[in-house]
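Here it is, the structure in full.
A short reminder: the numbers here are calculations on the coordinates, not readings from a lab. Small disclaimer: the values here were computed from a predicted structure and weren't measured. Methodologically, a virtual Cβ is constructed for each residue, glycine included, from the backbone with ideal geometry; neighbour enumeration extends over all protein chains shown.
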Amino acid sequence: MVEVMVSIIVMTVGMVSVLGVFGLAMASTATSQDNAIAKQIADEAIESILTARETTNITWAQIQNTGNGGIFLPGFVAVDCAGVDGIVGTADDAACGPQILTLPGPDGIFGTADDVQYPLTNYQRQIVITPALDQNNNPIPTLNTVTITVQYTTPQSRALKTYVLNTFISEFR
């Protein structure tokens with residue numbers, strides 16, 4: 001009888017653990033779309049900076065935050081559409097308004113009447129551009145470090161989540 005009771009307790013503990021893992025998996029699946037959107041927002045920002053450099057729309061000196069003589073706003077700002085200059089994270093973005101993501105509706109086809117408009121108002125983006133440093137902590141004049149941080153909340157947890165993208169950008173194309 002004691003052996004049966006012990007085995008029932010062991011089985012119960014095992015089943016509760018399995019249910020906990022299922023709950024965690026469900027929560028991760030529910031927030032995966034928000035995580036993917038945050039990644040795309042960060043990717044969009046770095047691609048915008050690289051494209052502006054490649055097309056010489058901005059000079060090397062302008063690839064800085066506004067406090068250092070550049071065009072990129074400091075701190076966390078709303079994820080707005082790229083303004084007239086076509087570069088995200090600059091002062092003219094606010095005039096364009098919040099960026100809106102269009103998702104396919106229940107029929108799964110883009111461009112139909114049931115498409116869903118998803119405003120990115122629960123996302124904020126920060127672009128920090130600093131000079132890259134050599135092994136002696138001296139600035140490298142032709143290389144900058146770009147850190148793009150996207151903060152957002154998920155509807156399920158209301159907890160603040162963060163996605164960070166770090167890269168380098170060179171003066172040379």
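Nearest 10 degrees is fine. How inclined is helix 2-54 to the longest principal axis of the chain, computing both from alpha carbons?
Helix 2-54 sits roughly 10 degrees off the main axis of the chain.
Which Cα, out of ASN35, SER17, LEU120, lies furthest along the positive dipole direction of the chain (beta carbon charges, K/R +1, D/E -1)?
Sorting the options by dipole projection puts first SER17.
Quick check: the distance between the Cα centres of segment 82-119 and segment 3-45, to the nearest angstrom?
Their Cα centres are 31 Å away from one another.
Continuing with this model, one more query. Starting from 0.36 nm per residue, how many nanometres of slack lie between GLN151 and LEU103 once their C-alpha separation is accounted for?
Fully extending the segment from GLN151 to LEU103 adds 15.2 nm.
Roughly what would the spin-label model give for THR130 and MET15, points 7 Å off Cα along C-beta, in nm?
According to this spin-label approximation, the distance is 5.4 nm.
If R0 is 35 Å, what FRET efficiency do you get for LYS39 and ASN138 from their C-beta distance, rounded to 0.05?
With R0 = 35 Å, the Cβ-Cβ based efficiency is 0.60.
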